[in-house]
Structures are given as structure tokens and as C-alpha cells.
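Below: one structure, written as C-alpha cells.
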Amino acid sequence: MPSKASMLPAEPGPVEIDWGTTALMIIDMQRDFLEPGGFGETLGNDVSLLASAVGPCRKMLAAAREVGLAVIHTREGHQPDLSDAPRAKIERGAPSLRIGDPGPMGRILIRGEPGHDIVPELYPAAGEIVIDKPGKGAFYATELDALLRARGIGTLLVCGVTTEVCVNTTVREANDRGYRCIVLADCCASYFPAFHEAGLAMIKAQGGIFGWVSTSAAVLDAMRRA
Ligand code: TIU
């Protein structure tokens with residue numbers, strides 16, 4: 001664990017990181033979003049657009065493990081009986097398969113199915129926290145807030161997919177609860193490149209209305225210096 005705090009280059013301005021109260025949060029890097037045949041593709045998306053985030057996330061994960069930073073993974077998904085899946089979510093739109101339907105990676109967006117699992121490159125290690133969430137935000141109907149408070153974590157280095165959906169929703173939820181969110185741009189991705197850019201712009205606008213935007217390279221450099 002780096003012993004001294006770091007000033008991280010970020011937008012809209014530099015942000016101080018106290019490593020002891022900071023966690024790496026990797027949002028929904030699941031096969032259901034990143035691989036063909038999963039939830040993301042059923043919605044009509046080109047899932048290959050999310051691949052760019054895997055390498056940078058992998059570097060961040062390796063560095064966090066090396067220095068002993070807390071790591072939190074999240075997974076979006078539902079109970080097999082769909083009791084935690086609102087009808088309004090299941091019935092939304094005209095996907096090729098709906099939540100709970102059988103697909104090539106098991107039932108779409110259902111806990112315990114192969115598609116619900118995190119991609120092998122970023123698979124959680126023993127002792128890392130995995131939050132199963134029914135919604136887009138990681139705080140809604142989960143133990144995340146209590147868990148972060150119990151560990152004294154106040155700053156989140158946020159990675160994952162998709163930038164404008166689960167990353168943005170989680171950052172907004174975290175911001176209202178008093179957490180400082182630093183979103184790592186190259187560690188996030190969207191099915192819509194323009195929404196990725198807009199999602200980041202919304203976070204850092206107005207003096208950082210929801211948080212900060214930085215990069216994996218900036219964090220890795222700050223870790224090395226500290
Ligand atoms: N569809 C889409 O862009 N995202 C989601 O449904 N969930 C997450 O972002 N994880």
C-alpha cells in the first residue's frame with residue numbers, strides 16, 4: 001500500500017488520493033455484456049465495442065493486487081425465479097432474448113449462469129468483494145454502502161461497462177452518498193462511443209459535478225511515485 005497520498009492528474013482538476021481509503025471498483029465486466037450471445041447482444045449491440053476496456057482494467061487490477069488496494073467487482077443480474085427483476089425491465093424493448101430466456105451462455109442475465117460471470121481476464125481473486133446487483137446502480141438493493149463504510153473507504157477508482165449506463169448510475173449514487181469517484185476513461189466503454197464521451201463529460205462538467213475523470217496510466221504512475 002503506498003504510504004503517502006498522491007495528487008492525481010484528472011479533469012476538471014487534480015484530485016488527492018489517500019490510498020488507504022481508496023478502492024478499485026470494476027463494474028459489470030461480465031460475459032453477458034462483453035461476449036456474443038449475452039444480454040448486451042440481445043439488445044442489438046455490437047459487443048466488440050467493449051473490448052477496449054479489458055486491457056486497461058487488467059493493468060489496474062494487477063496493480064491494485066500488488067499494492068493491496070481493496071478491489072470490488074460488481075455483476076448485474078437476477079435471481080433464477082426473477083423475483084428481483086421488475087416486469088418493466090424484463091418487458092422493455094424488443095430484444096432477441098429477454099432476461100431469463102435460455103441463450104448460448106445460459107439464461108440471460110441470471111445469477112449463476114455462465115453469461116453472468118465476469119470475463120476470465122478480470123476474474124475476481126479470493127478475498128475480493130463481489131457485489132451482485134439487480135439494477136444499473138451498484139448501491140440500489142445491495143450491501144455496498146455498508147461494506148464501504150465498514151472499511152473506511154471514501155474514494156472509488158471506477159472502471160467498467162457501460163460508461164453511460166451502469167458506470168454513470170453507480171457514480172451518481174456514490175456521489176450522493178458522499179464518495180469521491182474518479183472514473184478511469186480508458187477502463188470504461190460503451191456500445192455507443194459518443195455516449196462514452198458524453199458520459200465522461202457529464203461527470204467532470206461544472207467543476208466535477210459527479211466526480212473526476214482520469215486514466216489508468218495516471219493512476220499507475222501515481223502509485224509508482226507513492
Ligand atoms: N445496456 C447497457 O448499456 N448496459 C447495461 O444494461 N448494464 C450495464 O451497463 N452494466
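A short reminder: the numbers here are calculations on the coordinates, not readings from a lab. The structure displayed is predicted, hence computed values, not measured ones. Backbone-built Cβ (ideal geometry, glycine too); neighbour counts: all protein chains shown.
Looking at the square roots a ≥ b ≥ c of the eigenvalues of the Cα gyration tensor of segment 20-124, which shape do they give, rounded for a/c under 1.5, prolate if a/b is larger than b/c, or oblate? It is prolate, given that a/c is not under 1.5 and a/b is the larger ratio.
Comparing 117, 81, 132 in a Gaussian network model of the chain (Cα springs below 10 Å), the most mobile by mean-square fluctuation is 81. Each stretch of four or more DSSP H residues adds -39500 (n - 2.57); spread over every residue of the chain, this sum gives -8500 deg cm²/dmol at 222 nm.
Compared with the alpha-carbon gap, the fully stretched path from residue 52 to residue 195 is longer by 50.0 nm at 0.36 nm per residue. Classify segment 81-194 as rounded, prolate or oblate, taking a ≥ b ≥ c as the square roots of the eigenvalues of its Cα gyration tensor: rounded when a/c is under 1.5, otherwise prolate if a/b is larger than b/c and oblate if not. Prolate, because a/c is 1.5 or more and a/b exceeds b/c. Over the chain, the reciprocal of the mean inverse Cα-Cα separation, the Kirkwood hydrodynamic radius, stands at 17.5 Å. Segment 1-75 and segment 169-226 have their alpha-carbon centroids 10 Å apart.
Seen through its C-alpha gyration tensor, with square-root eigenvalues sorted a ≥ b ≥ c, segment 130-226 comes out oblate because a/c lies at 1.5 or above while a/b is not bigger than b/c. Size of segment 135-176: Rg and Dmax of its alpha carbons, in Å, are 10.1, 28. Ranking 174, 162, 140 by Cα position along the charge dipole of the chain, where only Lys, Arg, Asp and Glu carry charges on their C-beta atoms, puts 174 farthest toward the positive end. Given Cα pairs under 8 Å that are at least 6 residues apart, what percent is the relative contact order of the chain? About 27 percent, as a whole number. Around the Cα centre of segment 77-226, unit charges on the Cβ atoms of Lys, Arg, Asp and Glu (plus for the first two, minus for the last two) sum to a dipole of about 360 debye. In a DSSP loop and with at most 10 other Cβ atoms within 10 Å, there are no GluC sites (Glu not before Pro) in segment 96-184.
Exposure proxy shown here: for 136, 4, 59, the number of other Cβ atoms within 10 Å sets the order, fewest to most, as 4, 59, 136. In this structure, the amide hydrogen of residue 35, modeled 1.01 Å from its nitrogen in the peptide plane, lies closer than 5 angstrom to no residue at least 5 positions away or on a different chain.
Ordering 38, 106, 64 by Cα displacement along the dipole of the chain toward the positive end leaves 64 in first place; charges were set at the Cβ atoms of Lys, Arg (+1) and Asp, Glu (-1).
The length gained by stretching the chain between residue 224 and residue 151 to full extension, at 0.36 nm per residue less their Cα-Cα distance, is 23.9 nm.
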